[in-house]
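Comments concern the structure below.
The values are calculated or read from the model by the stated rules, or taken from the named source; none is laboratory data. From a predicted model like this one, the values you see are computed outputs, not experimental measurements. Don't worry about glycine lacking a Cβ; one is built from the backbone with ideal geometry, like all the others, and counts go over all protein chains shown.
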Amino acid sequence: MKCFGFTTTKTLKQFKKTTMKKVILFGLSLFSAFTISAQCLEAVTGFGNNTSVPMYNIEGTVEVTLNPDGSVTLDLGDDFMTAAGPDIRAYLVNSGGLSDAQLTTTPIASLQNVQFGLVGSSTVPQNGAKSFTIDLPAGNDIQDFDKVFFYCLQFDQFWDFGTYVPFTDATCSILSTVDQDLNAFQMFPNPARENVEIVAEGFSTVTANILALNGTVVMEGVNIQENRSLDVSTLTQGIYLVQLTTPEGSSSIQKLVIQ
């Protein structure tokens, strides 16, 4: 059916440059101290995929941002336009290898998706600027998503979709790390739920700090001996930074995902 008709908080401690040999990315940049880096942003392009009902096609600016706290923002620009409908919703979608032609006939419920929210309805004008920010549910990896769908959920009616370059370690500093010389550190399992094994070959003592992506220290000064376990059961789901430091002052930061 066509869908016509309606118009415990501590800040990150400073590190001296002399203790570092390389800049650590992954949301951190090195001045005299580490600070959280800027957001990762991708433009969504390639709209105009609804050949059956061209009036539904999207026009204007659409952008997806991965924020330092792991949330995802969809921004629609002032120039955003599409036809009116009773229940137009925006979705982040994993195309799963399907072609664009196949995607136009695939129900949204059959695709891995996360809903941003209501773009237009009988009471919400569909055109113009809007912004939606969501947290990805557990089990979803932002690197798997590559499409933004607009869909009339009430009538299960395809509206349009656009494509963006997926966020990866190579394209987004929040997800990327540059290894230091301390490559002897290993951490597994990752993602984790209750415990993480820290392997620091050649170091008898290592101190671990765990930080949220906004720089807040959520676990500090945990002494880790070689091949010992770190209890992370009290952490909520999300992405964290694990800072490992030796008594000599050498330091390494790695990403940890808590499910």
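For segment 70-94, what are the residues that are β-branched (Val, Ile, Thr) and under 26 Å from the mean Cα position of the chain (by Cα)? Lay out the reasoning, then the answer.
Start the filter on segment 70-94 by keeping residues that are β-branched (Val, Ile, Thr), which leaves 72-73, 82, 88, 93.
Within segment 70-94, Val72, Thr73, Ile88, Val93 meet the criteria.
How many of the residues making up segment 72-97 are in a loop (DSSP other than H, G, I, E, B) and surrounded by 16 or more Cβ atoms within 10 Å (Cβ to Cβ)? Give the derivation first.
Initial filter on segment 72-97 (in a loop (DSSP other than H, G, I, E, B)): 77-80, 82-86, 95-97.
Pick out the ones that are also surrounded by 16 or more Cβ atoms within 10 Å (Cβ to Cβ) and you get 80, 82-86, 95.
Counting residues in segment 72-97 that are in a loop (DSSP other than H, G, I, E, B) and surrounded by 16 or more Cβ atoms within 10 Å (Cβ to Cβ) gives 7.
Tell me whether segment 42-54 contains one or more residues that are in contact with a Lys or Arg (Cβ under 7 Å, 6 or more places away or on another chain), part of a loop (DSSP other than H, G, I, E, B) and modelled with pLDDT of 95 or more. Break it down into steps so the answer makes sense when it comes.
Here is the first cut: in segment 42-54, the ones in contact with a Lys or Arg (Cβ under 7 Å, 6 or more places away or on another chain) are 53.
From what is left, the residues that are part of a loop (DSSP other than H, G, I, E, B) are 53.
With the extra rule that they be modelled with pLDDT of 95 or more, the set shrinks to 53.
Yes, segment 42-54 contains a residue that is in contact with a Lys or Arg (Cβ under 7 Å, 6 or more places away or on another chain), part of a loop (DSSP other than H, G, I, E, B) and modelled with pLDDT of 95 or more.
Consider Ile108 carefully, then state whether it is among the β-branched types (Val, Ile, Thr), in the same structural domain as Gly46 (by TED's automatic domain parsing), within 27 Å of Ile239 (Cβ to Cβ) and under 12 Å from the mean Cα position of the chain (by Cα).
For Ile108, the condition - among the β-branched types (Val, Ile, Thr), in the same structural domain as Gly46 (by TED's automatic domain parsing), within 27 Å of Ile239 (Cβ to Cβ) and under 12 Å from the mean Cα position of the chain (by Cα) - is not met.
Could you go through segment 168-183 and let me know if any residue there is surrounded by fewer than 15 Cβ atoms within 10 Å (Cβ to Cβ), at pLDDT 85 or above and under 20 Å from Val257 (Cβ atoms).
Within segment 168-183 (the criterion being surrounded by fewer than 15 Cβ atoms within 10 Å (Cβ to Cβ), at pLDDT 85 or above and under 20 Å from Val257 (Cβ atoms)), the answer is yes, since at least one residue qualifies.
Out of all the residues in segment 37-73, which are more than 18 Å from Thr171 (Cα to Cα) and of a type outside the set (Val, Ile, Thr)?
At the first step, the residues of segment 37-73 found to be more than 18 Å from Thr171 (Cα to Cα) are 46-62.
Correct list: Gly46, Phe47, Gly48, Asn49, Asn50, Ser52, Pro54, Met55, Tyr56, Asn57, Glu59, Gly60.
In segment 102-146, what count of residues is obtained for those that are within 21 Å of Cys172 (Cβ to Cβ), modelled with pLDDT of 95 or more and of a type in the set (Gly, Ala, Ser)?
Selection size over segment 102-146: 1.
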